[in-house]
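Worksheet: one structure, shown below.
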Amino acid sequence: MKNIIEKVYKASVIEENIYKFWEDNNFFKFNENSKKKVYTIVLPPPNITGALHMGHALNFTLQDIVARYKRMTGYEILWIPGTDHAALSTEAKVVEMLRKKGTSKTEIGYEKFMQECLAWKNKYGNKITEQIRKLGASCDWSLERFTLDEGCSKAVNEFFVRLYNKKLIYRGKRIVNWCPNCNTSISDIEVDFKESESELVYLKYFFSDNNNFLTVATTRPETIFGDVAIAVNPEDERYKNFIGQEVTVPISNHKIKVIADNYVDKSFGTGVLKVTPAHDFADFEIGQRHNLENINIINKDGTLNKKCGNYSRLKTFEARKIIINELESKNLLVKREKIKNNVGKCSRCDCIIESLISTQWFLKMQSLAKPAIKVVENKNISFVPERFSKIYMHWMNNIKDWCISRQIWWGHRIPAYYCKDCNHITVSPNKINFCEKCKSKNISQDGDSLDTWFSSALWPFSVLGWPEIQEKFLRCYPTDLVITGYDIIFFWIARMIFSSIELTGEIPFKNVVIHGLVRDAQGRKMSKSLGNGIDPIEIISKYGVDALRLTLVMGLTLGNDTRFSEKKIEGSRNFINKIWNAARFLKITNENILPKIEFNNLSIYDKWMLNKLNNTIQEVQKNMEKFEFGMAIQKIYSLFWDDFCDWYIEFSKIDFKNNLSNLNTCCYILCEILKILHSFIPVVTEKIWNFFNNNALTVSNYPEFNNKFNYAQDSKNVENIIEIIHAIRTKRNEMNTPHNKKINIFIATKSEDLIIKNSDKIKKLANIENIYINKKSSSDNVLTCALEFASINIPVGDLINQDELNLKLKKELEELKARISKNENLLQNKEFIEKAPSSIIKNIKNNLDSDKKRYFILNKKIN
RNA sequence: GGGAGCAUAGCUCAGUUGGUUAGAGCGCUUGCUUUACACGCAAGAGGUCACAGGUUCGAGUCCUGUUGUUCCCACCA
């Protein structure tokens, strides 16, 4: 064995086998017959486009930490993996691929195109599921799903039909966001408003019956062809008299009326607004209010249409420049000025969004939002951190109808059929071949597909077999947890909530845990355009998945962004190597070592360590229940490194020699720490566990807090020994005496017994030749260290600069003095004594006593 | 325009319901091949907790305001 365990932990070699070991043994498989309580986690299915990024790594790490923790604390875990068909993104990728091959989607046709997309899914979807495994995610692969598989499609159709029948889904000709590049409508939340430099141009609209004109300011002069009115605020004294009069649109020369509408801001521009209902959401509403015509002047490819005369076929932004020139040359321009305004861009391709009128399917939101607000208000669903519920609430309270149809092929085809004979629309979950009204066979299915989030919204229950109500659904729904980034609260979380309430009558999950973004070392968002993305899979092959997971979760605060850097991951790797070596040390010390507490043979050091472990288990468990992962791992880290390695193993080494009983206890403690570490760093812990156990760590039981490990007095004694050793080491350093040089010390103490009994430890860890207890040092030239229960004197030769030392002592004395008087004042303060809890008062009294003792000794020494 | 987050050591960040002398990792200084680990060990330096008020016996933590910064939402053409 000695030769087998490498001195440095080699992650890549070991990781390959461990996940396979878990999977082959079905450890992550949901057991329907289990009597355990079920804990269900909703896994956010990654897109099948591209590879997993750092955000996924964080997301899966957090989910897996919970899954493994819950599994070890006795739950039956249901965690169903899957992928999302990512309608628009995938279609764009496949279209691009076809373009490179010299063909196109229209050329190959619908069926063939869908096959191409499916081929893409099979290729890249599998790559992604492999990567999820690499991240160590302990999900049940036998239940893997895809948002476009048969079951999900069935759920989607059912959803559509039910809501259509309730008149919550409707088809209408309305203004929508149109991406000329993706060539489809998109929903409001897929538009990002970005500040950009624009030009505000002031145009003259002449009155029909005189030579006066009104000046209108606009950033989009090319849309004048679609003007149907100009609007002023009814309260605006400047323009009151013009309301109802007729003006001529410049260049276009069609006549429109001046109308009054409260929407118009008197202070912006000239206070006169041109109304173009077909190409502006606000104008659309004005148009509705005043019963105005919608003149669509923009084609779906972002060019002006034939209503624009000479300007037709030009891109809107090209036409704009030329129109401004023409206006200028015809003296129809008053002025131009640079302004900053928000321009809507497509969140997927960053192309400028056109607003235009189009026939689309919409989901009516008002009535769906109400119960979705209530369940969060009532805390049936809790957001962690809490503040995200406010963001959710605000959005839900101001929600608008959701445009759910997309002019693309890859996705769930809209289950609506149009009758060419009677114009009736039949909406059906199954394919039909005749009109439900006139029975004509002359029907065709809607060519559009549904927004990808329409199917994601059903994910928590569609993966449980809904619309059929199966045993699994009854047992596992509502689910317990979903973890996701704050960037998809609206896209996904909100939509799952209202869909679930509407369709199942239940909330989809009880807890929504929100994490932030993973940024680069400089705090920048990782992005393709910046080229600063770090591939988690590359990091895994270099440092191992445990190191990656540890880095992502160390110091993490939920909801806040976190930075990832090479430096950080080195630290994590070092920690993992430390665990590896501690285990290696125990194993090579005695091959027959077993994780077993030898209660008859416990030293005070064992008891001290068990006591610490026990307390940490309790604290960590509290943190885990509250999803405080960063805090939990911090405590385990410190327990392992600072307490277990730096003190406990070092103490134990002295007793080890051939004492297997002592080693076994040490091994037991290590294995308990492995258990609480396992959910964070599953691979290395499983591997090490394997040194000492025949079973699998991943299905072992999480340790529980136990009062029998409350060894208060022994622990206190060990703390005192540690304090002595630490004090000596510090003094040694002040004396410039290296650790490898033995020294003698004199200790004055009332705890003579304790020190005698543990002198071997003190001698070893502080490298002492002789300890003289309660004897006077022959030399007067000594360094003094005053502890609460002992005073240590170290004889020194002429090695030491006495002045420097006195300076230090004086500084310490000053500090002591200040603290003593502060605490004395505090204890004399009546209000403090009355109001402060007794434990605080007691602590202050204790501190005061020990400070006074130290002060006394040091003061004596210095004078 | 509305809302939210952040501001703590040189850097990156923790800090749970207010409670002794505010923590970690990295970096830095000094020393060390001490029977696992130099991806290590030991010791150390380094902080008016952004600023100004307030509540309280007691404030990094609660309240009000200010400044800086990041983000989200919103139809200023």
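Any read-out appearing in this document is the output of simple, stated calculations on the displayed coordinates, not a laboratory observation. Remember, it's a predicted structure, so these values are computed and weren't measured experimentally. As a convention, Cβ positions derive from the backbone with ideal geometry for all residues, glycine included, and neighbour counts pool all protein chains shown.
So is A:Glu246 of a type in the set (D, E, K, R) and in contact (Cβ under 8 Å) with a residue 40 or more places away in the chain or not? Judged against the criteria, A:Glu246 is not a match.
Within the stretch A:1-35, the set of residues being within 16 Å of RNA strand B (Cβ to nearest atom), not in a helix (DSSP H, G or I) and not acidic (Asp, Glu) comprises A:Met1, A:Lys2, A:Asn3, A:Ile4, A:Ile5, A:Lys7, A:Val8, A:Tyr9, A:Lys10. Per this entry, A:Ile108 is counted among residues that are free of Cβ contacts under 8 Å to residues at least 24 places away in the same chain, surrounded by 13 or more Cβ atoms within 10 Å (Cβ to Cβ), among the β-branched types (Val, Ile, Thr) and touching a helix residue (DSSP H, G or I) at 6+ places or on another chain (Cβ under 9 Å).
What tally of residues in the stretch A:559-581 results from selecting those that are crowded, with 20+ Cβ neighbours inside 10 Å and either in a helix (DSSP H, G or I) or within 7 Å of RNA strand B (Cβ to nearest atom) (or both)? Residues that pass the stated criteria total 8. Taken together, the criteria exclude A:Glu190 from residues that are over 19 Å from A:Ile339 (Cβ atoms) and over 46 Å from the mean Cα position of the chain (by Cα). Quick one: would you say A:Ile497 is surrounded by 24 or more Cβ atoms within 10 Å (Cβ to Cβ), under 25 Å from the mean Cα position of the chain (by Cα) and over 19 Å from A:Glu144 (Cα atoms)? Considered against the rule, which asks whether it is surrounded by 24 or more Cβ atoms within 10 Å (Cβ to Cβ), under 25 Å from the mean Cα position of the chain (by Cα) and over 19 Å from A:Glu144 (Cα atoms), A:Ile497 comes out as yes.
I'd like the residue in the stretch A:385-428 that is of a type in the set (S, T, N, Q), away from RNA strand B (no atom under 16 Å from the Cβ) and part of a loop (DSSP other than H, G, I, E, B) and, out of all such residues, is nearest to the chain's Cα centre (by Cα). Ranking the candidates gives A:Gln407 first. Flag: A:Asp655 does not match the condition of being surrounded by fewer than 22 Cβ atoms within 10 Å (Cβ to Cβ) and within 13 Å of A:Ala582 (Cα to Cα). Exactly one residue out of A:Asp140, A:Asp149 is among the acidic types (Asp, Glu) and within 30 Å of A:Asn17 (Cβ to Cβ), and it is A:Asp140. Taking the listed residues A:Asn378, A:Asn325, A:Asn310, the one that is closer than 30 Å to A:Gly516 by Cα and surrounded by fewer than 18 Cβ atoms within 10 Å (Cβ to Cβ) is A:Asn378, with no other qualifying.
Only one entry of A:Asp546, A:Asp535 meets the criterion of being farther than 24 Å from A:Ile676 by Cα and either loosely packed, with under 14 Cβ neighbours inside 10 Å or of a type in the set (D, E, K, R) (or both), and that entry is A:Asp535. Checked against the criterion of being under 30 Å from the mean Cα position of the chain (by Cα) and farther than 29 Å from A:Lys29 by Cβ, the stretch A:139-152 contains not a single residue that satisfies it. Can you name the residue in the stretch A:257-271 that is near RNA strand B (Cβ under 8 Å from one of its atoms) and β-branched (Val, Ile, Thr) and, of all such residues, is farthest from the chain's Cα centre (by Cα)? Looking at the filtered set, the residue picked out is A:Thr270. Only helices (runs of 4 or more DSSP H) whose full extent lies in the stretch A:705-775 are considered here, and the ones with at least 3 residues that are surrounded by fewer than 16 Cβ atoms within 10 Å (Cβ to Cβ) are A:712-734, A:752-757. For the stretch A:349-364, a residue qualifies if it is surrounded by fewer than 17 Cβ atoms within 10 Å (Cβ to Cβ) and not hydroxyl-bearing (Ser, Thr, Tyr), and the qualifying residues are A:Cys349, A:Asp350, A:Cys351, A:Lys364.
Could you list, in sequence order, the residues of the stretch A:165-212 that are hydrophobic (A, V, I, L, M, F, W, C) and either within 12 Å of RNA strand B (Cβ to nearest atom) or under 23 Å from A:Phe242 (Cα atoms) (or both)? Selection gives A:Ile175, A:Ile189, A:Val191, A:Phe193, A:Leu200, A:Val201, A:Leu203, A:Phe206, A:Phe207. For A:Ile820, state whether it is free of Cβ contacts under 8 Å to residues at least 24 places away in the same chain, more than 8 Å from RNA strand B (Cβ to nearest atom), touching a Phe, Trp or Tyr at 6+ places or on another chain (Cβ under 9 Å) and in a helix (DSSP H, G or I). Against the criterion (free of Cβ contacts under 8 Å to residues at least 24 places away in the same chain, more than 8 Å from RNA strand B (Cβ to nearest atom), touching a Phe, Trp or Tyr at 6+ places or on another chain (Cβ under 9 Å) and in a helix (DSSP H, G or I)), A:Ile820 does not qualify. You will find that of A:Lys306, A:Lys274, the residue that is more than 16 Å from RNA strand B (Cβ to nearest atom) and not β-branched (Val, Ile, Thr) is A:Lys306 and no other. Can you find even one residue in the stretch A:672-692 that is aromatic (Phe, Trp, Tyr) and farther than 30 Å from A:Asn581 by Cα? No - not one qualifying residue is present in the stretch A:672-692. Being in contact with a strand residue (DSSP E or B) (Cβ under 9 Å, 6 or more places away or on another chain) and crowded, with 21+ Cβ neighbours inside 10 Å: is that true of A:Ile432 here? It is false that A:Ile432 is in contact with a strand residue (DSSP E or B) (Cβ under 9 Å, 6 or more places away or on another chain) and crowded, with 21+ Cβ neighbours inside 10 Å.
Scanning the stretch A:227-238 for residues that are out of contact with any Gly (no Cβ under 6 Å at 6 or more places or on another chain) and within 12 Å of RNA strand B (Cβ to nearest atom) yields a count of 6.
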